[in-house]
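Note sheet for the following structure.
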Amino acid sequence: MKCPFCDQLENRVIDSRLSKDGHAIRRRRECSECKRRFTTYERVEISIPLVIKKDGRREHFDREKLKSGIMKACEKRKVSVDEIERFVDELERGIQEQGDREIPSETIGRKVMEYLRELDDVAYVRFASVYRSFKDLKEFMSELQDLIQEDSGKGRRRGGR
């Protein structure tokens, strides 16, 4: 493991423990050269399918990109980073367990939207506005009206209200 501070390859493991979610090993390391400490995480590598984008391009599933998009939608909302992290873990595991070599981005986007719709209305609308790329205000307003009707039909209040 290369030291992130001085690029030295020699280091030693000071402490190892299971991560909170139990799916990784957290290792605390100390560089033999500069003596600075850093943390690494070891996860089982499972093949993750390629994501088929709307324009037909294929790219590797990027957990951090997905998490970043969800966090932007949840910015200044009462949604914890741990909650988002758990959802991303669950989604990633589900994708891996399907065993497919490719997965459409629409499938991932739909799952994120379902999650956000139940979690927080404002985060849902923020994510939907970027993900669905509404052509005009009319489309956007239609989505908001559907959300309001669904919410009032269920007679309950979700996040963001």
### Task
Looking at (1) touching a Lys or Arg at 6+ places or on another chain (Cβ under 7 Å); (2) not assigned by TED's automatic domain parsing to the domain that holds residue 149, find the lone condition where residue 34 falls short.
(1)
### Message
Can you pull out every residue in segment 17-66 that is part of a strand (DSSP E or B) and not charged (D, E, K, R)?
### Response
18, 24, 25, 31, 38, 39, 40, 41, 50, 51, 52, 60
#### Entry: Hey, residue 88 surrounded by 15 or more Cβ atoms within 10 Å (Cβ to Cβ), among the β-branched types (Val, Ile, Thr), over 20 Å from residue 43 (Cα atoms) and not assigned by TED's automatic domain parsing to the domain that holds residue 21 or not
no
### Query
When you look at residue 97, is it over 30 Å from residue 147 (Cα atoms), loosely packed, with under 12 Cβ neighbours inside 10 Å, assigned by TED's automatic domain parsing to the domain that holds residue 147 and in contact with a Lys or Arg (Cβ under 8 Å, 6 or more places away or on another chain), yes or no?
no
### Query
Which of (1) within 28 Å of residue 22 (Cβ to Cβ); (2) free of Cβ contacts under 8 Å to residues at least 40 places away in the same chain; (3) among the small types (Gly, Ala, Ser) is the odd one out, the single condition residue 128 does not satisfy?
(1)
### Message
Quick check on segment 60-75. Is at least one of its residues touching a residue at least 60 places away in the same chain (Cβ under 8 Å) and not aromatic (Phe, Trp, Tyr)?
### Response
yes
### Summary
Selection from segment 43-60 of residues surrounded by 12 or more Cβ atoms within 10 Å (Cβ to Cβ) and touching a helix residue (DSSP H, G or I) at 6+ places or on another chain (Cβ under 7 Å) yields 48, 49, 51, 52, 53
### Query
Regarding residue 30, is this residue without any contact (Cβ under 8 Å) to a residue 60 or more places away in the chain, on the phi < 0 side of the Ramachandran plot and loosely packed, with under 12 Cβ neighbours inside 10 Å?
no
### Query
Quick one: would you say residue 132 is outside the structural domain of residue 84 (by TED's automatic domain parsing), surrounded by fewer than 17 Cβ atoms within 10 Å (Cβ to Cβ) and at pLDDT below 75?
no
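The values are calculated or read from the model by the stated rules, or taken from the named source; none is laboratory data. Not measured: the values here are computed from a predicted model. So basically every Cβ, Gly included, is an ideal-geometry build from the backbone, and we count neighbours across all protein chains shown.
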